[in-house]
Amino acid sequence: MAKDNIAPGKDLNANQLVRYLERRGVEHIFGLCGHTNIAVLSAMANSKLRFINVRHEQIAAHAADGYARVTGKASVLLSHLSPGLTNAATGVANAALDCIPMVVIAGDVPSYYYGKHPHQEVNLHSDAAQYEIYRPFVKRAWRVDTPELLPEIMEKAFLLAESGQPGPVLVNVPMDLFSAEVDVACWDRLRGSTRALVKPAIDEETARQIIANLADAVSPVLYVGGGVALSRAYDELRDFVDHMQIPVSHSLMGKGVLPDDHPLVLGMTGFWGMKFTNEQTLKADWILALGTRFKEADSSSWYPEYTFNIGEGATRLIHIDIEPQEIGRNYPTEIGVVADLKAALKVLNKVAREMLPEGRKAPGLDEKIAAERTAFAEKNTEMQTSDAYPMMPERILADLRAAMPRDAILTSDVGWNKNGVAQQFDIYEPGSILIPGGFATMGFGPPAAIGAKIAAPRRVVISLVGDGGFGQNPAMLATAVAENTPVIWIIMNNNAYGTIAGLQKANYGLTHGTTFPKAASPAEQTPDYAAIARAYGCEGVRVTSADGFKPALEAAIASGKPTVIDVAMVNNPTPTSGHWNILDIYSPDGNVGHVSTD
């Protein structure tokens, strides 16, 4: 940005903001332009920062979310006021409910026009209140009221986003404050500040108490959640499991924190979990829960007869989490510890080796788990090898796993591509699956894959998504082409909002409002997503047989080009073994779940 007529020792806030972000190690900023933020965009023009331009702010938010999940650092989202900020809200809320660090910088009306209702101002109930739109879901929403406040608020924003239980924050800046002159000293004094806070661990006395209880337990189980991924505690968790020989169950968000081919992984709990997994957690005498909220679907709506029977003389719970509010929220906790999971597991591993030098023994446990895995896999063999077209979802997952590199990153969306993947699809590289858990946002997966690919350009990135989810924001294909991000999008196309259609048909006998008009054949089905992809400049393939899917995927991986693969799929429901309270609400007098709509 031009600096003509700027006084010595002063600079425009936008210029200094860009330099601050560079010093923090920020490399990419996601967003969309508007008249309130072009001062920042102009300042970025000659910087090292790369602006990832999108066609809709929700795309920017989901891409920034995926980027943060891969890098483990706060991503940055730049937004225009009012409609820009509300467009991004769904993606930011999705990040918030999954505890993903993000700093949202939003332009606002000029500070001297607050209350006058200038162009696009939100002030129907109060003035200068745009930032309050985000208050229900961000960790903190700041309104910058003077030019000199922006530097210290930005510093607080990054520290808060990345510390404790991570999450998004909002920095709301009137456009005149971006363009205001400010003493450079206001920004320079931040240079010596810490970039990260020291995270809390666990004291050795408490660690000894935990290890003693687990050592004496008859049927202990580890229950791990997304907190393990957030703290990057993968190696520490594996060391602990190997030494203590305790089987590991996981929540939806805990998928992949320990490789699925580890001999002690039981699988996911809850409504879409495996029957064997639910049985093990149900009969456990001690559960050590690590970084989990015990959310509804993971806990079978907290009904004690399905997944967890904690308290009142049944299972006893030890819960470690960085956020105090999560401990004891849904189950009584005998030992509750507020700590970062990586730091806590380091101490637990040290104490476990002191107390149990030879480790805890669990003879025959790995063989029992292996037998259960084999039995479960055999139930799916017929569908995994079926030549039926439209394809069986199990065949799609099996062929994807066979073709996908072991360290590839997979983003899911909602429906079969989330629930079926968590239940039936092996993840081998910790942190390589990105799932919309808390908000379960349809449309998360495709743009999140762009953010993941930008964060990890050397890894294969695949987005597995339903036709409903892909249809939310297909304009993200334009960003993929512009940024040369060769993501592969696999559309599991059942021509419906499939999971909801199956739920409605099971409980009401119809699919009103949940399915789309059906063509005479899959080849004639509209939209033609492969054609849409080609219109945006991507490769587009419409699979016409079950045998055609895997070769198309292998070709897409080899091509190094952004590619959409549209696969017609039978709308069979994901099998369930737990329970969900909504079934009691819809059909209180019957054991009703989801059914096929094909």
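Nothing in this text is a laboratory measurement; each read-out follows from the coordinates by a stated rule. Computed from a prediction, not measured in an experiment: that's the story for all the values here. All Cβ positions, even for glycine, are placed from backbone atoms using ideal geometry, and neighbour counts span all protein chains on display.
Can you check what the net charge comes to around residue 260, using other residues whose Cβ is under 15 Å from the Cβ of residue 260 (Lys, Arg +1; Asp, Glu -1)? Numbers along the way, then the final one.
Details: positive: 238, 255, 373, 401, 406; negative: 261, 366, 372, 407, 426, 429.
Cβ neighbours under 15 Å give a net charge of -1.
Take the Cα pairs of the range 50-90, get the Kirkwood Rh, then feed it into Stokes-Einstein at 10 °C and 1.306 mPa s and tell me D in µm²/s.
Numbers: Rh = 10.4 Å.
The diffusion coefficient I find is 152 µm²/s.
I need two numbers for the range 290-395: Rg to one decimal and Dmax as a whole number, Cα atoms only, in Å.
Using the Cα atoms of the range 290-395, the pair Rg, Dmax is 19.5, 58 Å.
Suppose R0 equals 30 Å. What FRET efficiency, 1/(1 + (r/R0)^6) with r the Cβ-Cβ distance, do residue 47 and residue 198 give to the nearest 0.05? Walk me through the intermediate numbers first.
Working: r = 31 Å, r/R0 = 1.02.
After rounding to 0.05, the efficiency reads 0.45.
Please compute P(r) over all alpha-carbon pairs of the range 214-277, binned at 10 Å starting from zero, and give each bin as a whole-number percent.
With 10 Å bins starting at 0, P(r) equals 22, 56, 21, 0.
What does the helix-only formula give at 222 nm for the chain: each DSSP H stretch with n ≥ 4 adding -39500 (n - 2.57), the total divided by the residues, and the result rounded to the nearest 500 deg cm²/dmol?
On the way: 22 runs with 225 residues, N = 598.
Calculated from helices alone, the mean residue ellipticity at 222 nm is -11000 deg cm²/dmol.
Counting DSSP beta bridges in the range 10-188, what percent are antiparallel, to the nearest 5?
On the way: 3 of 24 bridges.
So the antiparallel bridges in the range 10-188 amount to around 10 percent.
List the relative contact order of the chain as a percent without decimals, with contacts defined as Cα pairs under 8 Å and 6+ residues apart.
Relative contact order, the chain: 13 percent.
Within 15 Å, Cβ to Cβ, of residue 579, how many net charges do the neighbouring residues add up to if Lys/Arg are +1 and Asp/Glu are -1?
On the way: positive: 275, 295; negative: 279, 296, 298, 305, 584.
Combined, the nearby Lys, Arg, Asp and Glu give -3.
Are there GluC sites (Glu not before Pro) in the range 289-326 that DSSP puts in a loop and that have at most 11 other Cβ atoms within 10 Å, and which ones? Don't skip to the end; give the middle numbers.
Numbers: sites: 296, 305, 312, 326; in loops: 296, 305, 312.
Sparse-neighbourhood loop GluC sites (Glu not before Pro): 305, 312.
Trypsin sites (Lys or Arg not before Pro) within the range 84-182: which are DSSP loop residues with at most 16 other Cβ atoms inside 10 Å? If you can, show how the numbers build up before the last one.
Working: sites: 116, 139, 140, 143, 156; in loops: 116, 139, 140.
Passing both the DSSP loop test and the Cβ count: 116.
Given R₀ = 30 Å, FRET efficiency for residue 279-residue 232 by Cβ-Cβ distance, to 0.05? It would help to have the intermediate numbers written out before the result.
Details: r = 31 Å, r/R0 = 1.03.
Here the calculated transfer efficiency is 0.45.
Percent relative contact order of the range 385-586, based on C-alpha pairs within less than 8 angstrom and at least six residues apart? Show your work: numbers first, answer last.
On the way: 355 pairs, mean separation 51.9, N = 202.
RCO, the range 385-586: 26 percent.
Which value, to two decimals, describes the C-alpha radius of gyration of the chain once divided by 2.2 N^0.38 Å? Numbers along the way, then the final one.
Values: Rg = 25.0 Å, N = 598, 2.2 N^0.38 = 25.0 Å.
Against the compact-globule rule of thumb, the ratio is 1.00.
Report, in cubic angstrom per residue, the convex hull volume of the C-alpha atoms of the range 370-417. Write out the running numbers ahead of the final one.
On the way: hull volume 5.0 nm³, N = 48.
Measuring per residue, one finds 104 Å³ for the Cα hull of the range 370-417.
Scaled to the compact-protein estimate 2.2 N^0.38 Å, what is the alpha-carbon radius of gyration of the range 204-367, rounded to two decimal places? It would help to have the intermediate numbers written out before the result.
Working: Rg = 14.1 Å, N = 164, 2.2 N^0.38 = 15.3 Å.
Expressed relative to 2.2 N^0.38 Å, the Cα Rg reads 0.92.
Kindly provide the trypsin sites (Lys or Arg not before Pro) of the range 275-340 that DSSP labels as loop, not H, G, I, E or B, and whose Cβ sees at most 16 other Cβ atoms within 10 Å.
Details: sites: 275, 283, 293, 295, 316, 329; in loops: 293, 295, 329.
Those satisfying the criteria are 329.
Can you list the lysines whose alpha carbon sits under 25 Å from that of residue 156, skipping same-chain ones fewer than 8 residues off?
Result set, ordered by chain and number: 10, 48, 73, 139, 199, 342.
Taking Cα centroids, how far is the range 88-136 from the range 552-574 in Å?
Centre-to-centre distance over Cα atoms comes out at 38 Å.
Would you mind telling me the antiparallel percentage of the DSSP bridges in the chain, rounded to 5?
On the way: 4 of 66 bridges.
Antiparallel bridges make up about 5 percent of those DSSP assigns within the chain.
Filter the DSSP H helices in the chain by two things, a Kyte-Doolittle mean of at least -1.0 and an axial alpha-carbon span of 24 angstrom or more, and list the hits by number. Don't skip to the end; give the middle numbers.
On the way: long enough: 365-384 (29 Å, -0.90).
Span-like helices in the chain: 365-384.
How high is the FRET efficiency from residue 361 to residue 458, r the C-beta distance, R0 51 Å, rounded to 0.05? Mind dumping the intermediate values first?
Values: r = 41 Å, r/R0 = 0.81.
The formula returns an efficiency of 0.80 here.
For the range 10-188, take every pair of Cα atoms, bin their distances at 10 Å starting from 0, and report each bin as a whole percent.
Per 10 Å bin, starting at 0, the Cα pair percentages come out as 11, 42, 38, 9, 0.
Where Lys and Arg each count +1 and Asp and Glu each count -1, what net charge lies around residue 505 among other residues with Cβ under 15 Å from its Cβ? Spell out each step's value before the answer.
On the way: positive: 518; negative: 598.
Once positives and negatives cancel, what remains is 0.
Between the range 1-44 and the range 340-380, what is the C-alpha centre distance in whole Å?
Here the two parts' Cα centres lie 50 Å apart.
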